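Written out below as structure tokens is the structure these notes cover.
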Amino acid sequence: VLQEILADNYLQTLATTADEAIRAFKKGNFEIVLLDLGVPRRGKMAPERLMGFEVLEKIKQIDSTAEAIILTGTAREIDSAIEAIKRGAFYFLIIDDFEAFLPKLEMIMRNARDKRNLALKQKRLMSQAKHIASRQKNVHKYMCPGLTYHFDVMIGESPAMHEVYTTIHKLSERAIDETVLIQGESGT
């Protein structure tokens, strides 16, 4: 029924077993997954909810930006809902009143798509930032060839900046996770 209702707005693939779902997910580029935690592995119902959790984990391993919406027919699954969210599900939706369920599902799917798009955008921006930082580091190496260590986003060749670089370098030798706060007027 859901497949027919969502057909107008979404390209979709239906999988009736866990193995089918994982195979289909590996082949396609899916933004959103609607998942029943009781999905059978190979045609027989799974005796417990673990099967659906396994599918959820595999999906998140294959594409961490794909958003999974867990569907269930009973409200007595609070433990399953908590576990699903811990394992990376976007939402845990109870199908109690089908007429009220559909608008809610469509809203959740839009939110899931928006979240995924933001995650992909963040990934692209981080990649661009790393590229820019790498280029900036090369410029800094060119500007300050005497230094044996350089920092990604800091540029400067004055004696005061050399002192800052040396201090940071000394701190980094003591502990890898040290946080260093550098204060000073901008542009000096």
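The values are calculated or read from the model by the stated rules, or taken from the named source; none is laboratory data. The shown structure was predicted, so the numbers you read here are calculated from the model rather than taken from an experiment. Note: ideal-geometry Cβ built from the backbone for every residue, glycine included; neighbour counts use all protein chains shown. Just so you know, the surface numbers come from the protein's heavy atoms only, side chains and all, with ligands and any DNA or RNA stripped out. Shrake-Rupley method; radii C 1.70, N 1.55, O 1.52, S 1.80 Å.
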task: Kindly check whether there is at least one residue in the stretch 177-187 that is surrounded by 12 or more Cβ atoms within 10 Å (Cβ to Cβ) and either modelled with pLDDT of 75 or more or out of contact with any His (no Cβ under 9 Å at 6 or more places or on another chain) (or both).
output: no
message: Six or more apart or on different chains, Cβ atoms under 6 Å: show the pairs whose first residue is in the stretch 97-125 and under 20 Å from I85 (Cβ atoms) and whose second is open to solvent by 40 Å² or more (accessible area, probe 1.4 Å) and hydrophobic (A, V, I, L, M, F, W, C).
response: F101/I95; A112/F90
query: For the stretch 56-92, what are the residues that are at pLDDT below 90 and assigned to a strand (DSSP E or B)?
result: L71, T72
Top-ranked residue in the stretch 29-38 [being at pLDDT below 90 and under 24 Å from the mean Cα position of the chain (by Cα); ranked as most open to solvent (accessible area, probe 1.4 Å)]: N29
message: Take K26 and tell me if it is over 23 Å from N111 (Cβ atoms), at pLDDT 85 or above and open to solvent by 80 Å² or more (accessible area, probe 1.4 Å).
response: yes
From K130, K141, K121, residue being of a type outside the set (A, V, I, L, M), modelled with pLDDT under 75 and in a helix (DSSP H, G or I): K141
